[in-house]
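K.L.:
Handing you this structure, nothing more for now.
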Amino acid sequence: METQTDPGLKVDLAVIGFGKGGKTLAATLARQGKRVVMIEQSPAMYGGTCINIGCVPTKALVHQAEHQDRHLEADERYALAAQATSSLTSLLRGKNFAMLDTLDTATVVTGRATFTGPHTLLVTAGEDRLEIEAATIVINTGAEPTLPPIPGLAQSAHVVTSTGLLARDARPRHLVVLGGGYVAVELASLHAQFGVQVTMLQRSGRLLTAEDTDTAAEVETLLTEAGARVLTGVTVRSVADDDGGARVTFTDAAGQEASVVGDVVLAALGRRPVTDGLGLADVGIDVDGRGGVVVDEHLRTSLPWVYAVGDANGGPQFTYVSLDDYRIVLDQLTGAGTRSTRDRVAVPHTVFTSPPLGRVGMTEAAARESGRPVKVAVRRVADMATVPRARIVGEQRGVMKAVVDAETDAVLGVAILAYDAHELVNTVALAMRHGVTASELRDSIWTHPSMTEAFNDLFGALG
């Protein structure tokens, strides 16, 4: 990259952080002839969290785990998977940089940005300093893993966050996972498939507390069958390094003290927006108690020409939500200005266990708490005789669940733990957005043999 030596830079748009929403907005406006600058503090993060330390490397490792050559020794399988994943992220990082660097009106600046005024930023990199004045500024700095104040946790040489675990090229011998949320479950699942001894320590009484109890139990069964040891209802007391790695001491569900030693300990205990050091308070930009930038439904901060997109605004931490943030801001800058976060309906999510769990809409528990009359259908994939696709691909594990309004036939929510769930859930989400009823999904014509035709069976089981 060309070294920036100008004493100052005046642009139409400045984006702080190379994540999905910001980079897409920068590229779009640069192609329209606007002068834009992308500020990223590290060359290793060109392209943002997703392609470097999030979605892409995790899902690449999941794919490698599911398609590994079982004739190879376990350490070799893992090393080859890590190498393939690193090559992929390196390739995508270069493509993301080129996406902006090749545009005549776009400039990529590497350094740390701080607000020095309502429209001005100071970017520093070592001794280099650059002043930027921008008509519009977008905060796109993402989120980072958090480490709670457990004695010894932050000091241990064996404790890693998801970022550190994904950077490893050697297979752990015993991975101790602190947490039971989506990140914890996904990384525990893929490592168990590589033959790693996995122990999960979860504070609450079950994994995946945002899911229905029965759905979470199915995921726990998958993990257990893969060889993971899942302990719930435990409280971690301390972490201390010894010759064998890190000893994690905890109180179990019965109130008894116990410990486990892992050569690698994954702290998957939550994430928080990265906003420290931006100087937001100095220019009157409000943040919430977790550091998320406070925005309205159009993603404007307390300064109307400053927006916050992606994980930085404290919303759902999904790449596709960040992309929708881009659409909202673009509509503010070049469109009618009517698009907002209120337009989001039936936003799905997927946990890439093996097989994956996809869900959209309400859980059964939430639907019943709402007071609606509901009908629920639960079907095990192995029992769906009319869905041979699962047998063809050799993956009959899992279960599907539909929650439907008993009076209107509206689909309230669906959870799919099955092969291709990450694709199936998108079909349900689209149907929900457009008011397609459960009966219509039940009676629709789907290709054969496909996993989609499971909808005939699932919604037919509602009665």
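Read-outs: derived from the displayed coordinates by stated rules, not from any lab. None of the values given here were measured: they were computed from a predicted structure. As a convention, Cβ positions derive from the backbone with ideal geometry for all residues, glycine included, and neighbour counts pool all protein chains shown.
K.L.:
If you split all Cα-Cα distances of region 282-423 into 10 Å bins from zero, what percentages do you get per bin, shortest first?
P.N.:
Pairs per bin, as whole percents: 11, 28, 26, 23, 11, 2, 0.
K.L.:
Expressed as a whole number of Å, what is the distance separating the alpha-carbon centroids of region 387-448 and region 303-351?
P.N.:
Answer, in whole Å: 27.
K.L.:
Which of the trypsin sites (Lys or Arg not before Pro) found in region 31-94 are in a DSSP loop and have at most 13 neighbouring Cβ atoms, other than their own, within 10 Å? All intermediate terms of the calculation are to be shown ahead of the outcome.
P.N.:
Working: sites: ARG31, LYS34, ARG35, LYS59, ARG70, ARG77, ARG93; in loops: LYS34, ARG35, ARG70.
Hits after loop and neighbour filter: ARG70.
K.L.:
Can you tell me the mean projection area, over all orientations, of the convex hull of region 352-404's alpha carbons? Units nm², please.
P.N.:
Details: hull surface 17.3 nm².
Dividing the Cα hull surface by four gives the mean projection, 4.3 nm².
K.L.:
Please find the FRET efficiency linking ALA154 to ASP214, where r is the Cβ-Cβ separation and R0 is fixed at 30 Å, and quote it to the nearest 0.05.
P.N.:
On the way: r = 36 Å, r/R0 = 1.21.
It comes out at approximately 0.25.
K.L.:
Just round it to a whole percent: the fraction of Cα-Cα distances in region 246-340 exceeding 24 Å. Present the calculation step by step, with values, prior to reporting the outcome.
P.N.:
Working: 1895 of 4465 pairs.
Of all Cα-Cα pairs in region 246-340, 42 percent lie more than 24 Å apart.
K.L.:
State the percent of C-alpha pairs, over all pairs in region 318-393, separated by a distance greater than 18 angstrom. List each step's numbers first, then the result.
P.N.:
Values: 1860 of 2850 pairs.
When every Cα pair of region 318-393 is considered, 65 percent fall beyond 18 Å.
K.L.:
Further question on the same structure: Give me the tail of P(r) for region 162-232 as a percent: Cα-Cα pairs with distance above 20 Å. Don't skip to the end; give the middle numbers.
P.N.:
Values: 549 of 2485 pairs.
Result: 22 percent of Cα pairs exceed 20 Å.
K.L.:
Under a crude label model (7 Å from the Cα following the beta-carbon direction), how far is HIS434 from ASP276 in nanometres?
P.N.:
4.7
K.L.:
Sequence neighbours fewer than 8 away in the same chain don't count; with that in mind, list the lysines whose C-alpha is under 24 Å from LYS23.
P.N.:
Within the straight-line cut-off, LYS23 pairs with LYS10, LYS34, LYS59, LYS95.
K.L.:
Follow-up. Equivalent ellipsoid semi-axes for region 31-163, as square roots of 5 times the alpha carbon gyration tensor eigenvalues: give them largest first, rounded to whole Å. Mind showing how you got there, number by number?
P.N.:
Numbers: eigenvalues 247, 97, 26 Å².
So the equivalent ellipsoid measures 35, 22, 11 Å along its semi-axes.
K.L.:
List the extent of the Cα atoms of region 362-449 along each of their three principal axes, largest first, rounded to whole Å.
P.N.:
Cα extents, longest axis first: 41, 24, 20 Å.
K.L.:
State, in angstrom, two size descriptors of region 401-463 derived from its alpha carbons: Rg to one decimal place and Dmax to the nearest whole number.
P.N.:
Calculated on Cα positions, Rg and Dmax stand at 10.8, 32 Å.
K.L.:
Given the alpha-carbon gyration tensor of region 1-107, what are the semi-axes of its equivalent ellipsoid in whole angstrom, ordered largest first, with each equal to the square root of 5 times an eigenvalue? All intermediate terms of the calculation are to be shown ahead of the outcome.
P.N.:
On the way: eigenvalues 257, 32, 20 Å².
In descending order the semi-axes read 36, 13, 10 Å.
K.L.:
Let me ask another. With +1 on each Lys and Arg Cβ and -1 on each Asp and Glu Cβ, how big is the dipole of region 282-367 about its Cα centre, in debye rounded to the nearest 20?
P.N.:
I would put it at about 240 debye.
K.L.:
Moving on to the next point. Can you give me the C-alpha center-to-center distance between region 72-86 and region 100-145, rounded to a whole angstrom?
P.N.:
Centre-to-centre distance over Cα atoms comes out at 37 Å.
K.L.:
May I pose another question? Take the alpha-carbon positions of the chain, form their convex hull, and give its projected area averaged over all directions (one quarter of the hull surface) in nm². Write out the running numbers ahead of the final one.
P.N.:
Working: hull surface 98.9 nm².
In nm², the orientation-averaged hull projection of the chain is 24.7.
K.L.:
Kirkwood hydrodynamic radius, computed over distinct alpha-carbon pairs, for region 203-305: how many Å, to one decimal? Present the calculation step by step, with values, prior to reporting the outcome.
P.N.:
Details: mean 1/r = 0.0570 Å⁻¹.
Result for region 203-305 stands at 17.6 Å.
K.L.:
What are the principal axis extents of the Cα atoms in region 105-188, in Å, biggest first?
P.N.:
If we take the Cα atoms of region 105-188, the spans are 50, 28, 27 Å.
K.L.:
Sticking with this one: Taking every pair of alpha-carbon atoms in region 85-225, what share in percent sits in each 10 Å bin, from 0 to the bin with the longest distance?
P.N.:
P(r) over region 85-225, rounded to whole percents: 9, 26, 26, 21, 16, 3.
K.L.:
For VAL393 paired with ARG327, estimate the spin-label separation in nm (one decimal), with each label point 7 Å from Cα along the Cα-to-Cβ line.
P.N.:
My value for the distance between the label points is 2.6 nm.
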